[in-house]
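Below is one structure; the comments refer to it alone.
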Amino acid sequence: MSQATLQEPKTAQTVELHRPAKAIKLPEAATWPLEDVMALYELPFNDLMFRAQETHRAYWPEGDVELATLLSIKTGGCEEDCGYCPQAARYDTGVEAKKILDIDTVLDAARQAKDNGATRFCMGAAWRSPKERDMDKVENMVREVKAMGLETCATLGMLEAEQAERLKAAGLDYYNHNLDTAPEFYNNVISTREYQDRLDTLGHVRNAGLKVCCGGIVGMGETRAQRAGLIAQLANLNPYPESVPVNHLVQVEGTPLHGLDPLDPLEFVRTIAVARITMPKARVRLSAGRRELGEAVQAMCFMAGANSIFYGDKLLTTDNPEANDDRALLAKLGLKTRANTLESVQKERCGC
Ligand code: SAM
Ligand code: DTB
Ligand code: SF4
């Protein structure tokens with residue numbers, strides 16, 4: 001299908017914008033047929049980038065990048081079988097199972113993240129779902145991190161409705177739970193929980209009044225149509241997620257997905273662009289795999305509409321670009337951060 005034959009998403013409405021200075025049609029709560037998402041992927045690269053830039057500038061006129069820092073509050077020993085994951089107990093990846101961190105360790109890490117300029121702090125646990133004995137501890141962490149003036153996010157596995165409500169009451173802003181891939185590819189990657197389980201958790205998160213952080217992984221051997229299938233699933237959630245992490249598979253030795261042919265980096269950039277166009281108001285986060293992508297591909301991802309990164313030397317168990325290198329890259333590209341946090345960190349450190 002060519003660009004000209006793309007259907008307008010349903011319930012489109014006209015909104016006045018500052019930039020560009022003319023009224024253009026913007027979708028509100030749009031629905032995206034799979035073939036339209038696929039048609040975006042199939043556009044000539046420059047046309048896709050142009051459309052993504054148009055959308056990005058219209059919805060994010062400030063063009064700032066959000067810095068979110070991750071901390072693994074409970075590492076390894078997970079009972080699930082996610083084929084990409086170094087923390088699954090059944091794969092021999094060298095990741096040791098540890099106990100949940102104590103509150104002081106978490107608060108030290110949060111303070112350091114804030115001092116480094118992060119605005120969001122995300123706590124991740126290698127659980128299928130949190131047990132009752134964990135909930136009090138996590139609620140306490142959320143309460144204290146929130147009190148530091150950081151936005152809070154947690155990713156703890158599947159949640160019951162009541163657990164989502166408790167996290168909301170403790171001050172949680174976002175819950176991260178990924179669909180990971182298209183429904184038709186899902187069983188190639190995970191067998192210990194169903195796609196519907198993930199959708200159910202997302203429903204509980206939404207109903208509790210939490211903001212949804214939901215994305216997936218590309219480069220797991222899926223086809224382009226399956227990448228489009230993931231984006232269509234995300235974009236058709238009603239409402240679509242406020243935050244969309246797009247992970248590039250980090251191939252970890254010992255996991256079933258280690259040794260796959262790597263994805264063409266331009267296909268990753270396309271995925272960012274399609275996410276931007278179909279979910280214009282979302283923060284699209286360049287997530288795992290940035291080290292492997294390198295600076296030039298990341299720069300293209302920012303052009304395609306990525307406006308958030310995981311910031312800090314570690315993701316959960318694998319390496320992320322060093323914070324110094326990220327600051328240098330953002331400066332080189334002339335990219336501002338949300339609330340200019342890096343600029344004030346820089347000033348404080350040099351005393352100017
Ligand atoms: N255990 C919880 C769960 O699975 O919902 C939370 C943590 S889990 C590590 C969060 C997400 O990290 C996964 O859903 C997946 O999208 C991403 N992830 C894990 N390992 C990855 C890898 N090797 N490469 C890219 N993304 C990965
Ligand atoms: C997400 O989508 N990516 C992050 C976060 N949400 C929790 C996790 C990436 C993990 C990469 C592998 C690791 O470091 O263990
Ligand atoms: Fe466990 Fe989450 Fe890793 Fe799956 S992705 S094995 S649930 S830690």
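The values are calculated or read from the model by the stated rules, or taken from the named source; none is laboratory data. Quick caveat: nothing in here was measured; it's all calculated off a predicted structure. Neighbour counts run over all protein chains shown; Cβ positions are idealised from the backbone, glycine included.
Residue count for the range 36-82 satisfying the condition of being within 16 Å of ligand 1 (Cβ to nearest atom) and not polar (S, T, N, Q): 12.
Taken over the range 301-328, the residue count meeting the criterion of being more than 21 Å from Ser243 (Cβ to Cβ) and assigned to a helix (DSSP H, G or I) is 4. Could you look through the range 130-142, keep only residues that are within 16 Å of ligand 3 (Cβ to nearest atom) and surrounded by 17 or more Cβ atoms within 10 Å (Cβ to Cβ), and pick out the one that is nearest to Cys82 (Cα to Cα)? Across the range 130-142, the extreme among qualifying residues is Pro130.
This table checks each residue for (1) within 16 Å of ligand 2 (Cβ to nearest atom); (2) farther than 26 Å from Glu96 by Cβ.
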| residue | (1), (2) |
| --- | --- |
| Arg133 | no, no |
| Glu144 | no, yes |
| Gly149 | no, yes |
| His177 | yes, no |
| Ile190 | yes, no |
| Gly209 | no, yes |
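When the range 329-352 is filtered for residues that are buried (at least 16 other Cβ atoms within 10 Å of the Cβ) and in a helix (DSSP H, G or I), the ones remaining, listed by number, are Leu329, Leu330, Arg338, Thr341, Leu342, Val345. You will find that of Leu234, Leu257, Leu263, the residue that is within 30 Å of Lys168 (Cβ to Cβ) and of a type in the set (A, V, I, L, M) is Leu234 and no other.
Per the conditions (1) within 16 Å of ligand 3 (Cβ to nearest atom); (2) within 30 Å of Asn140 (Cα to Cα); (3) surrounded by 15 or more Cβ atoms within 10 Å (Cβ to Cβ); (4) of a type in the set (Val, Ile, Thr), the sole criterion not satisfied by Val212 is (1). Find all pairs meeting these conditions: Cβ atoms under 7 angstrom apart; at least six residues apart or on different chains; first residue within the range 32-48 and over 10 Å from Gly229 (Cα atoms); second residue hydroxyl-bearing (Ser, Thr, Tyr). Close Cβ pairs satisfying both conditions: Trp32/Thr278. Would you mind stating whether Val145 is more than 16 Å from ligand 3 (Cβ to nearest atom), of a type in the set (Val, Ile, Thr), more than 27 Å from Tyr240 (Cα to Cα) and surrounded by 18 or more Cβ atoms within 10 Å (Cβ to Cβ)? Considered against the rule, which asks whether it is more than 16 Å from ligand 3 (Cβ to nearest atom), of a type in the set (Val, Ile, Thr), more than 27 Å from Tyr240 (Cα to Cα) and surrounded by 18 or more Cβ atoms within 10 Å (Cβ to Cβ), Val145 comes out as no.
From Ala331, Ala304, which residue is modelled with pLDDT of 95 or more, over 17 Å from Pro61 (Cα atoms) and either touching a Gly at 6+ places or on another chain (Cβ under 9 Å) or more than 16 Å from ligand 3 (Cβ to nearest atom) (or both)? The unique qualifying residue is Ala331. Might you check whether a residue that is hydrophobic (A, V, I, L, M, F, W, C), surrounded by 23 or more Cβ atoms within 10 Å (Cβ to Cβ), more than 14 Å from ligand 3 (Cβ to nearest atom) and under 17 Å from the mean Cα position of the chain (by Cα) occurs anywhere in the range 169-190? Yes; the residues of the range 169-190 include at least one that is hydrophobic (A, V, I, L, M, F, W, C), surrounded by 23 or more Cβ atoms within 10 Å (Cβ to Cβ), more than 14 Å from ligand 3 (Cβ to nearest atom) and under 17 Å from the mean Cα position of the chain (by Cα). Quick check on the range 315-330. Is at least one of its residues away from ligand 1 (no atom under 16 Å from the Cβ), touching a residue at least 12 places away in the same chain (Cβ under 8 Å), over 30 Å from Thr93 (Cα atoms) and in contact with an Asp or Glu (Cβ under 8 Å, 6 or more places away or on another chain)? Scanning the range 315-330, I find at least one residue that is away from ligand 1 (no atom under 16 Å from the Cβ), touching a residue at least 12 places away in the same chain (Cβ under 8 Å), over 30 Å from Thr93 (Cα atoms) and in contact with an Asp or Glu (Cβ under 8 Å, 6 or more places away or on another chain), so the answer is yes. All of (1) touching a residue at least 60 places away in the same chain (Cβ under 8 Å); (2) within 24 Å of Val250 (Cβ to Cβ) hold for Ala154 with one exception: (1).
Scanning the range 193-217 for residues that are part of a helix (DSSP H, G or I), without any contact (Cβ under 8 Å) to a residue 40 or more places away in the chain and under 17 Å from the mean Cα position of the chain (by Cα) returns Leu199, Leu202, Arg206.
Put simply, of Ala288, Ala275 the only residue that is crowded, with 20+ Cβ neighbours inside 10 Å, modelled with pLDDT of 95 or more and assigned to a helix (DSSP H, G or I) is Ala275.
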